[in-house]
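Working notes, beginning with the structure itself.
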Amino acid sequence: MKPRIHLIATGGTIAGASPSATDTTDYRAGTLTIEALIASVPPLADLAELTTEQLYKLDSKDMTPRHWLGLARAIEAAVAQEHIDGVVITHGTDTLEESAFFADLVLTPDKPVVFTCAMRPATALSPDGPMNLYNAVSVACDPSAAGLGVLVVTNDRIHAAREVTKAHTQAVDAFISPDTGPLGWARPPLITHKPVRPIGHPVELQGISTLPRVDILFVTAGSTPDLLQACIAAGARGIVLALPGHASVPESWKGPIAQLRNKGYPVIETSRTGAGPLTMSTEMSRTPTKARIELMLELSISDRTPPLGKAS
Ligand code: SIN
């Protein structure tokens, strides 16, 4: 019997369409249905029995934390179905790393969960989506892809959601896992190493209804710390700094950061370089984007924790 794979479609360039076959930038993302995508990849029928769910039809720049929650819940529900062997999510490339990392933090699936995408729309002369979709379903069918956390399959590679990032505006090899490299090869699936960061389950999805606002400030030579107050005044509950080098805080920012922390606002220091450990640490740094998601989740837990002495 063929493995049963559930496909959750959210939109993106993989479902994008343009009147011109040579247009790879000025098209409409999230136009085609998941059924149309499957129909364009006939060999999928040899791999798996597919079920489908058209959850969103979004350009992923328009995803919000509310969409992350809806998507994570849809994945959780699919994984919980006994007859499903794996889940594939089609997603836009622009914010894929955010949705996939969020899902990775709130789910511990015992079946393969694989995000995929495309850099070129489905109507392009040489679209990358059909092969990416085929590869993603192949990986989702492979039991060795289970227990590795949420995966991202693109351009023939398997990446860990907790490491992967989009690093090019247009190339089909836009995704990299800085420092660690990919986990393996997608066609046929071959896992060459396990994720470096531990697979955790720090936050239970159940009970999160909203995620608090956390802003990222990109710190450049000469940028001024009054930006911190602007974020708080606009409603941020915490701030992530994308700092130069190994997260070097400019002297003029140190006092204002300490003041905010004393008032209970977390300020997280990350590097804007995108790779490497921070000062005197053996741990690789998080990208600002991923650190923001972690902080949103941490704050959502503290929102649900009664203050000390007031527990019933
Ligand atoms: C999107 O992120 O939805 C559009 C861009 C893409 O998928 O490459």
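The values are calculated or read from the model by the stated rules, or taken from the named source; none is laboratory data. Predicted, not measured: the structure shown is a model, and the values here were computed from it. Note that each Cβ is placed from the backbone with ideal geometry, even for glycine, and that neighbours are counted across all protein chains shown.
Kindly evaluate Gly207 against the criterion of being without any contact (Cβ under 8 Å) to a residue 24 or more places away in the chain, surrounded by fewer than 17 Cβ atoms within 10 Å (Cβ to Cβ) and in a loop (DSSP other than H, G, I, E, B).
Numbers: without any contact (Cβ under 8 Å) to a residue 24 or more places away in the chain: no; surrounded by fewer than 17 Cβ atoms within 10 Å (Cβ to Cβ): yes; in a loop (DSSP other than H, G, I, E, B): yes.
No, not satisfied.
Is there a residue being in contact with a helix residue (DSSP H, G or I) (Cβ under 9 Å, 6 or more places away or on another chain), in a loop (DSSP other than H, G, I, E, B) and within 18 Å of Glu98 (Cβ to Cβ) anywhere in region 275-285?
First pass over region 275-285, keeping only residues in contact with a helix residue (DSSP H, G or I) (Cβ under 9 Å, 6 or more places away or on another chain): 285.
Add one more test, that the residue is in a loop (DSSP other than H, G, I, E, B), and what stays is 285.
Checking the rest, the ones that are also within 18 Å of Glu98 (Cβ to Cβ) come to 285.
There is at least one residue in region 275-285 that is in contact with a helix residue (DSSP H, G or I) (Cβ under 9 Å, 6 or more places away or on another chain), in a loop (DSSP other than H, G, I, E, B) and within 18 Å of Glu98 (Cβ to Cβ).
Check Gly92, Gly30 and return the single one that is modelled with pLDDT under 95, within 18 Å of the chain's Cα centre (by Cα), assigned to a loop (DSSP other than H, G, I, E, B) and within 16 Å of the ligand (Cβ to nearest atom).
Working: Gly92 fails: modelled with pLDDT under 95.
The match here is Gly30.
Any idea which of (1) in contact with a helix residue (DSSP H, G or I) (Cβ under 6 Å, 6 or more places away or on another chain); (2) under 24 Å from Ala36 (Cβ atoms); (3) not in a strand (DSSP E or B) is the one Gly149 doesn't satisfy?
The number of the failed condition is (2).
Given the criterion surrounded by fewer than 20 Cβ atoms within 10 Å (Cβ to Cβ), modelled with pLDDT of 95 or more and of a type in the set (Lys, Arg), identify the matching residue among Arg157, Arg213, Arg237, Arg187. Please lay out each step first, then the result.
Working: Arg157 fails: surrounded by fewer than 20 Cβ atoms within 10 Å (Cβ to Cβ); Arg237 fails: surrounded by fewer than 20 Cβ atoms within 10 Å (Cβ to Cβ); Arg187 fails: modelled with pLDDT of 95 or more.
When all the criteria are applied, what remains is Arg213.
Can you go through Pro127, Pro121 and tell me which one is within 15 Å of the ligand (Cβ to nearest atom), in the same structural domain as Ser40 (by TED's automatic domain parsing), without any contact (Cβ under 8 Å) to a residue 12 or more places away in the chain and not in a strand (DSSP E or B)?
Values: Pro121 fails: without any contact (Cβ under 8 Å) to a residue 12 or more places away in the chain.
Result: Pro127 is the single residue among Pro127, Pro121 that is within 15 Å of the ligand (Cβ to nearest atom), in the same structural domain as Ser40 (by TED's automatic domain parsing), without any contact (Cβ under 8 Å) to a residue 12 or more places away in the chain and not in a strand (DSSP E or B).
Residue under question is Thr25, and the condition is that it be within 16 Å of the ligand (Cβ to nearest atom) and β-branched (Val, Ile, Thr); does it hold? Before the answer, list the steps.
Working: within 16 Å of the ligand (Cβ to nearest atom): yes; β-branched (Val, Ile, Thr): yes.
Here the answer is yes, as Thr25 does meet what is asked.
Name the single residue, out of those in region 2-27 being surrounded by fewer than 24 Cβ atoms within 10 Å (Cβ to Cβ) and assigned to a strand (DSSP E or B), that is nearest to the chain's Cα centre (by Cα). Let's see the steps before the verdict.
Of all residues in region 2-27, those surrounded by fewer than 24 Cβ atoms within 10 Å (Cβ to Cβ) come to 2-4, 8, 17-27.
Okay, now just the ones that are also assigned to a strand (DSSP E or B), so 4, 8, 17.
On the way: Arg4: 24, Ile8: 15, Ala17: 23 Å.
In this case the residue turns out to be Ile8.
Exactly one condition in (1) part of a loop (DSSP other than H, G, I, E, B); (2) over 18 Å from Gly235 (Cα atoms); (3) modelled with pLDDT of 95 or more; (4) out of contact with any Asp or Glu (no Cβ under 9 Å at 6 or more places or on another chain) is not met by Gly255; state its number.
It is condition (1) that Gly255 fails.
Just checking, does region 233-245 include any residue being assigned to a helix (DSSP H, G or I), at negative phi and not assigned by TED's automatic domain parsing to the domain that holds Phe175? Full working, then the answer.
Step one: of region 233-245, the residues assigned to a helix (DSSP H, G or I) are 233.
Then drop every residue that is not at negative phi, which leaves 233.
Restricting the remaining residues to those that are not assigned by TED's automatic domain parsing to the domain that holds Phe175 gives 233.
Within region 233-245, one or more residues are assigned to a helix (DSSP H, G or I), at negative phi and not assigned by TED's automatic domain parsing to the domain that holds Phe175.
In this structure, does Pro121 turn out to be more than 17 Å from the chain's Cα centre (by Cα) and not charged (D, E, K, R)? Even if it seems obvious, please write down each step before you answer.
Working: more than 17 Å from the chain's Cα centre (by Cα): yes; not charged (D, E, K, R): yes.
Against the criterion (more than 17 Å from the chain's Cα centre (by Cα) and not charged (D, E, K, R)), Pro121 qualifies.
Within region 61-73, is even one residue among the β-branched types (Val, Ile, Thr), assigned to a loop (DSSP other than H, G, I, E, B) and under 16 Å from Thr123 (Cβ atoms)? Break it down into steps so the answer makes sense when it comes.
Filtering region 61-73 for residues among the β-branched types (Val, Ile, Thr) gives 64.
Then keep just the ones that are assigned to a loop (DSSP other than H, G, I, E, B); that gives 64.
Applying the additional criterion that residues be under 16 Å from Thr123 (Cβ atoms) yields none.
There is no residue in region 61-73 that is among the β-branched types (Val, Ile, Thr), assigned to a loop (DSSP other than H, G, I, E, B) and under 16 Å from Thr123 (Cβ atoms).
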